[in-house]
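Structure record follows, encoded as structure tokens.
The values are calculated or read from the model by the stated rules, or taken from the named source; none is laboratory data. Fair warning: this is a prediction, and the values are worked out from it, not measured in the lab. Note that we place each Cβ from the backbone using ideal geometry, even for glycine, and neighbour counts take in every protein chain shown. Ligands, DNA and RNA are excluded from the accessible area calculation, which covers all protein heavy atoms including side chains. Shrake-Rupley method; radii C 1.70, N 1.55, O 1.52, S 1.80 Å.
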Amino acid sequence: MDINTAKAQINDKGFLDLEIDPQIDLFAEIQKLKKEKNAILLAHYYQETDIQDVADYIGDSLGLAQQAEQTTADMIVFAGVHFMAETAKILNPSKKVILPDLKAGCSLADSAPTPLFKAFREKHPDHIVISYINCTAEIKALSDIICTSSNAEKIIDSLPKDQPIIFAPDRNLGAWLNKRSGRNMLLWNGACMVHEIFSLEKITKLKLRHPKAKVLAHPECEEAVLNVADYIGSTTQLLKYSASDSAEEFIVATETGILHQMQLQSPQKTFIPAPPNNNCACNDCPHMKLNTLEKIYLCLRYELPELTMDETLRLAAKKPMDKMMEISRSQGII
Ligand code: 13P
Ligand code: SF4
């Protein structure tokens with residue numbers, strides 16, 4: 001396939017849609033291509049299990065950002081969603097960043113359109129803007145500090161108590177942080193479609209059937225779910241807790257992909273995905289799950305789709321990312 005046909009296909013579909021010989025061993029081919037091209041495959045915990053198994057590093061948003069910043073590979077293959085690949089480019093622009101599907105977005109990032117957010121920010125000039133990393137590069141560029149679910153509390157605590165703050169885009173994480181920090185941050189009204197789907201009623205019923213099970217929840221969940229959680233944290237924090245805690249059963253209120261690593265680290269324990277409020281598989285992120293082993297193989301082989309970014313935007317988005325890294329280092333988080 002010539003490069004123009006490939007580019008046209010990506011403009012249209014967001015990924016390379018090519019026939020792959022069904023006989024080939026995708027695992028072996030991906031490993032071979034990574035070696036040949038000196039590429040690193042970074043994957044989020046919400047990726048399908050095959051992708052996690054072939055990745056060089058699996059982690060939460062903070063861990064992935066750190067890996068992207070520090071890698072000496074020539075190419076970063078990002079198995080996650082668009083804002084994560086953008087973050088890699090922001091932090092390490094000399095690397096070629098490719099992703100399996102350009103259309104793997106994020107409902108939370110989509111809930112903060114740039115012009116509306118800019119106007120909101122301008123209405124509150126005395127506020128510092130802390131944005132969750134799940135946002136576009138444009139929103140990052142309009143922010144003062146970025147945070148992730150694993151460092152948000154410490155980043156907020158590092159600011160003076162009387163400092164007015166806007167927190168965006170996740171209203172659930174923001175409300176939880178307000179409670180934890182005793183602040184009254186102004187919250188942008190965004191949310192993640194996956195974490196808002198859990199049913200308190202079904203979790204309560206599940207708890208009756210599994211009275212010894214502990215509930216683990218991601219702070220993107222709604223307050224009612226967080227109120228019944230035994231432990232709340234980022235994906236990495238939930239994973240660590242599940243491995244170190246003495247409980248034998250856990251109900252997990254986050255995207256189902258994380259269960260793979262939980263089960264690998266604690267094969268003797270039982271992990272039950274928290275049920276959604278209907279009968280669909282809505283606790284699978286439809287964006288994360290757009291990535292497949294086939295698309296990873298093709299994007300590595302053709303080095304497409306590539307994530308590129310305007311340099312002015314990149315530099316503006318890097319400032320609040322650097323601030324996050326600086327505070328995280330000084331607080332001993334990374
Ligand atoms: P973390 O893995 O950083 O906790 O983020 C969860 C998430 O929703 C990523 O899209
Ligand atoms: Fe976005 Fe939610 Fe999917 Fe994470 S799980 S990528 S926050 S839609």
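Odds and ends about this structure:
- Value of Rg to Rh for segment 205-252 (Rh from inverse mean 1/r over Cα pairs, i.e. Kirkwood): 0.95
- Largest first, the residues Ile232, Ile251 sort by 1.4 Å accessible area into Ile232, Ile251.
- Over the chain, the alpha carbon radius of gyration divided by the compact-protein estimate 2.2 N^0.38 Å works out to 1.00.
- Potential lengthening of the chain between Cys282 and Lys240 amounts to 12.7 nm, from the contour at 0.36 nm per residue minus the alpha-carbon distance.
- Here's the picture: charge each Lys and Arg Cβ at +1 and each Asp and Glu Cβ at -1 in the chain, and of Phe250, Gln9, Pro286 the one pushed furthest to the positive end of that dipole is Phe250.
- Using a simple spin-label model with pseudo-atoms 7 Å out from Cα toward Cβ, Glu122 and Ile334 lie 3.2 nm apart.
- Placing +1 on the Cβ of every Lys and Arg and -1 on the Cβ of every Asp and Glu, with nothing else charged, gives segment 9-69 a dipole about its Cα centre of roughly 260 debye.
- Filter on Lys154/Lys214; Lys161/Lys323; Lys34/Lys89; Lys103/Lys179 - keep pairs with C-alpha separation over 28 Å: Lys103/Lys179
- Within the same chain, lysines fewer than 8 places from Lys207 are excluded, and of the rest, those with a Cα less than 21 Å from its Cα are Lys269.
- Calculated accessible area for the chain comes out at 43 Å² per residue, all protein chains present (probe 1.4 Å; ligands, DNA, RNA ignored).
- Our analysis of segment 156-264 gives Rg over Rh at 1.01, with the two radii drawn from alpha carbon positions and Rh computed by the Kirkwood formula.
- Global form of segment 194-312, assessed from the alpha-carbon gyration tensor, a/c cut-off 1.5: prolate
- Overall form of segment 72-230 per C-alpha gyration tensor (a/c, 1.5; a/b vs b/c): oblate
- Full-extension gain in nm, Ser158 to Thr49, via 0.36 nm per residue minus C-alpha separation: 35.5 nm
- Contact order, relative form, for the chain: 23 percent (alpha carbon pairs under 8 Å, 6 or more residues apart, mean separation divided by residue count).
- Computed over the alpha carbons of segment 30-107, Rg followed by Dmax gives 11.3, 35 Å.
- Accessible carbon and sulfur surface of segment 1-124 relative to its total accessible area, %, 1.4 Å: 48 percent
- In straight-distance terms, cross-link reach from Lys32 covers every one of the lysines whose alpha-carbon lies under 23 Å from its own, apart from those fewer than eight places away in the same chain; here that gives Lys95, Lys96, Lys295.
- FRET efficiency for the pair Asp74 and Lys212, taken as 1/(1 + (r/R0)^6) with r the Cβ-Cβ distance and R0 = 35 Å, rounds to 0.10.
- Euclidean distance between Cα centres, segment 298-330 to segment 101-153, Å: 14 Å
- Between segment 1-36 and segment 209-241, the alpha-carbon center distance in angstrom: 38 Å
- Taking 0.36 nm per residue of separation and subtracting the Cα-Cα distance, full extension of the segment from Lys205 to Asn38 would add 55.2 nm.
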